[in-house]
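Before any comments, here is the structure.
All of the numbers you see were taken from the coordinates with simple rules; none came from a lab. Because the structure is a prediction, the values reported are computed rather than measured. In this analysis, Cβ positions are derived from the backbone assuming ideal geometry, glycine residues included, and neighbour counts consider all displayed protein chains.
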Amino acid sequence: MSGAIFIAGAGTEIGKTYVTAALTRRLLAEDQAVRTLKPVASGVPPVTEADFRFSDTAILLEAQGLAVSPETVAACSPWRFRAPLAPDLAAAHEGRTLALADLVAWCRSEIAATPPDATLLIEGVGGLMSPVTEEHTGLAWLEALALPALLVSGSYLGAISHALTAAETLRSRGVPLLGLVVCESEGAPTPLATVAASIRRHVPVPVHEIGRGGACPNGLAQAIRAHA
Ligand SMILES: Nc1ncnc2c1ncn2[C@@H]1O[C@H](COP(=O)(O)OP(=O)(O)OP(=O)(O)O)[C@@H](O)[C@H]1O
Ligand SMILES: C[C@H](N)[C@H](N)CCCCCC(=O)O
Ligand SMILES: [Mg+2]
């Protein structure tokens, strides 16, 4: 079995990349082979622009200790769009389209090329059911890959329902859920531990926590290594 895991979000801009980068750094520090992909990325300027360094792709390449180059960028994020919108809309802004079959085929090829003892982390785009193409959401992409998911949520007011709704969606569609990661949201009115404890009461899987500026928690690293 490949150690490939899909990093899904209960929403957008809630910490998927932050968690994925922290997890990547931790696994590398423990000499666990890991490769991290962000196949579809929107809100991404051209590699030549200074702001590229703030993109998911740049952050994930840095976490892997990889330099930013046209080659490493293309290998991490082959579908990049400038508009900070859902990929179908961002693509349309550039007169482009994205086909789910192409995305799935590329991901399957990367999964197949991953050594059996290595971990492959694939970050989705936006929230779990954010549109990826005009016809399909990220859930269809995840189902087509038949990978287990790690679900990232925030801790903002409303995050509990968003997390439980995404978890229930994954359960109802038979997508294995390795765990949740509650990533502390800036200015959240409720302590991270309180939000995580509340979510924990409603899901049958581990719920990990990462505070603001926090590193990957031990339990999360252990859970991911166990899947490799
Ligand atoms: N625990 C945290 N500590 C500090 N900053 C954080 C934390 N979690 C998220 N952030 C910051 O919040 C912003 C959004 O996080 P991030 O980019 O990881 O979200 P995302 O879910 O990957 O978004 P997208 O849907 O665009 O991929 C980033 O600037 C990130 O650095
Ligand atoms: C720009 C943002 N950070 C993401 N890259 C794309 C988020 C798309 C969200 C679509 C939606 O679910 O409303
Ligand atoms: Mg991201």
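Can you pull out every residue in the stretch 47-71 that is more than 12 Å from ligand 1 (Cβ to nearest atom) and buried (at least 17 other Cβ atoms within 10 Å of the Cβ)?
V47, L61, Q64, L66
Would you check if A140 is at negative phi, assigned to a helix (DSSP H, G or I) and in contact with a helix residue (DSSP H, G or I) (Cβ under 7 Å, 6 or more places away or on another chain)? Reasoning before the result, please.
Values: at negative phi: yes; assigned to a helix (DSSP H, G or I): yes; in contact with a helix residue (DSSP H, G or I) (Cβ under 7 Å, 6 or more places away or on another chain): yes.
Criteria met by A140.
Look at R53 and say whether it is assigned to a helix (DSSP H, G or I) and under 19 Å from A228 (Cα atoms).
So R53 does not fit the description; no.
Give me the residue from the stretch 1-27 that is out of contact with any Leu (no Cβ under 7 Å at 6 or more places or on another chain) and of a type in the set (V, I, T) and, out of that set, surrounded by the most Cβ atoms within 10 Å (Cβ to Cβ). So that I can check it myself, show each step before the final result.
Of all residues in the stretch 1-27, those out of contact with any Leu (no Cβ under 7 Å at 6 or more places or on another chain) come to 1, 11-16, 18-19, 22, 25-27.
Then drop every residue that is not of a type in the set (V, I, T), which leaves 12, 14, 19.
Details: T12: 16, I14: 24, V19: 26.
Among them, the one singled out is V19.
Check the stretch 93-111 and report whether any residue there is out of contact with any helix residue (DSSP H, G or I) (no Cβ under 7 Å at 6 or more places or on another chain), within 16 Å of ligand 3 (Cβ to nearest atom), of a type in the set (A, V, I, L, M, F, W, C) and assigned to a helix (DSSP H, G or I).
Checked the stretch 93-111: no residue is out of contact with any helix residue (DSSP H, G or I) (no Cβ under 7 Å at 6 or more places or on another chain), within 16 Å of ligand 3 (Cβ to nearest atom), of a type in the set (A, V, I, L, M, F, W, C) and assigned to a helix (DSSP H, G or I).
Tell me which residues, restricted to the stretch 17-33, are touching a Lys or Arg at 6+ places or on another chain (Cβ under 9 Å) and within 16 Å of E62 (Cα to Cα).
T17, T20, T24, L27 - these are the residues of the stretch 17-33 that are touching a Lys or Arg at 6+ places or on another chain (Cβ under 9 Å) and within 16 Å of E62 (Cα to Cα).
Take the residues of the stretch 143-184 that are away from ligand 1 (no atom under 16 Å from the Cβ) and acidic (D, E): which is surrounded by the most Cβ atoms within 10 Å (Cβ to Cβ)?
Ranking the qualifying residues of the stretch 143-184, first place goes to E143.
Here are P84, P78, P46: which of them is more than 26 Å from Q222 (Cα to Cα), within 13 Å of ligand 2 (Cβ to nearest atom) and touching a helix residue (DSSP H, G or I) at 6+ places or on another chain (Cβ under 8 Å)?
Of the residues listed, the single one that is more than 26 Å from Q222 (Cα to Cα), within 13 Å of ligand 2 (Cβ to nearest atom) and touching a helix residue (DSSP H, G or I) at 6+ places or on another chain (Cβ under 8 Å) is P84.
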